[in-house]
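Asks: Sending over a structure as structure tokens; questions will come in a sec.
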Amino acid sequence: MLHGERPTFDGKWYHVESAINEPRIRNDIPVLLGGGGEKKTFGLAARFADHLNIICNASELPRKMDALMQRCDEAGRERSTLETSFLAFVMIDESGDRARELQREFLRARGVDIDTLSAEKRAELTDRQFVGDPDDVAEQLQDRVLRQGIDGLVINLVTNGHEPGIVELAGKTLAPLVA
């Protein structure tokens, strides 16, 4: 359909005759891959993708970006032509104290009392979490993710994304970082 063809399909649940793609919005379909595999996933992204959503701990980003550069070099591709994003678990609220309490509850529900962990174990466990008020979250994402060469963000509002106004708050907070 992207090339003006009108295919017919007859499957178990669906049937279509001479399907048409009108209005034609674009001539291609961008390919986004997501994952953290430095050899296979990054290699496939370097060869075929338009965008790679990197899934890892934030502290691993320098190594992941080096691996991505290597895969792009091997594929003969300029790294700058492959957009990147990072999957972040964001716990945000106008009140940073409430955001941190939501984090505690989230972890407690998974059998972890963050307040009893060593500093090292706490840092390891929360490496993909960005928690606090809008200024805190923006600063954390800027420092720990975007400064590593990542182009954009994919966020998961795991604790309170269902609450009215939180998605808007996250959008207003993060938009200036990736504009």
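The values are calculated or read from the model by the stated rules, or taken from the named source; none is laboratory data. On a predicted model such as this, the values are computed, not experimentally measured, just so you know. Neighbour counts are summed over all protein chains in view; Cβ atoms, including those assigned to glycine, are modelled from backbone coordinates with ideal geometry. The area values use the complete protein model at the heavy-atom level, side chains included, leaving out ligands, DNA and RNA. Shrake-Rupley method; radii C 1.70, N 1.55, O 1.52, S 1.80 Å.
Asks: Using a 7 Å offset from the Cα along the Cα-to-Cβ direction at both T81 and E124, what is the distance between the two label points in nm, to one decimal?
Replies: Distance between the two pseudo-spin positions: 4.1 nm.
Asks: For the chain, give the share of DSSP beta bridges that are antiparallel, in percent and rounded to the nearest 5; count only bridges with both residues there. Before the final figure, lay out the partial values.
Replies: Details: 2 of 19 bridges.
Restricted to the chain, the bridges split so that about 10 percent are antiparallel.
Asks: Under a plain spin-label model, where a point goes 7 Å from the Cα along Cα-to-Cβ, how far apart in nm are V154 and R108?
Replies: That separation, rounded to one decimal, is 3.2 nm.
Asks: If you stretched the chain out fully between H162 and V178, how much longer would it get, using 0.36 nm times the residue separation minus the C-alpha to C-alpha distance?
Replies: On the way: separation 16, 0.36 × 16 = 5.76 nm, distance 2.33 nm.
Length gained, H162 through V178: 3.4 nm.
Asks: Would you mind getting the accessible area per residue of the chain, heavy atoms of the protein chains only, 1.4 Å probe, in Å²? Display every interim value, and only then the final one.
Replies: Numbers: 10950 Å² over 179 residues.
Result: 61 Å² per residue.
Asks: Let me ask you something else. Calculated from DSSP H runs of 4 or more alone, at -39500 (n - 2.57) each and per residue, what is the 222 nm mean residue ellipticity of the chain, nearest 500? Mind dumping the intermediate values first?
Replies: On the way: 6 runs with 68 residues, N = 179.
After summing the helix terms and dividing by the residues of the chain, the value is -11500 deg cm²/dmol.
Asks: Tell me the label-point distance for the pair S59, D115, using the 7 Å Cα-to-Cβ offset, in nm and rounded to one decimal.
Replies: Taking the two extended label points, one gets 2.4 nm.
Asks: Which whole-number percent gives the relative contact order of the chain, counting Cα pairs below 8 Å spaced six or more residues apart? Mind dumping the intermediate values first?
Replies: Details: 252 pairs, mean separation 34.9, N = 179.
Value for the chain: 19 percent.
Asks: Report, to the nearest whole %, how much of the accessible area of segment 54-179 belongs to carbon and sulfur atoms, 1.4 Å probe, protein only. Walk me through the intermediate numbers first.
Replies: Numbers: 3210 of 6700 Å².
Carbon-and-sulfur percentage of accessible area, whole number: 48.
Asks: Taking chymotrypsin sites (Phe, Trp or Tyr not before Pro) that fall in a DSSP loop and have at most 16 other Cβ atoms within 10 Å as cut points, what is the longest piece of the chain between them? Working shown, then result.
Replies: Values: sites that count: W13, Y14.
Between exposed loop sites, the widest span is 15-179.
Asks: A further question follows. For I20 and R47, compute 0.36 nm times the residue count separating them, minus their Cα-Cα distance, and round to one decimal in nm.
Replies: Numbers: separation 27, 0.36 × 27 = 9.72 nm, distance 2.97 nm.
In short, 6.7 nm is gained.
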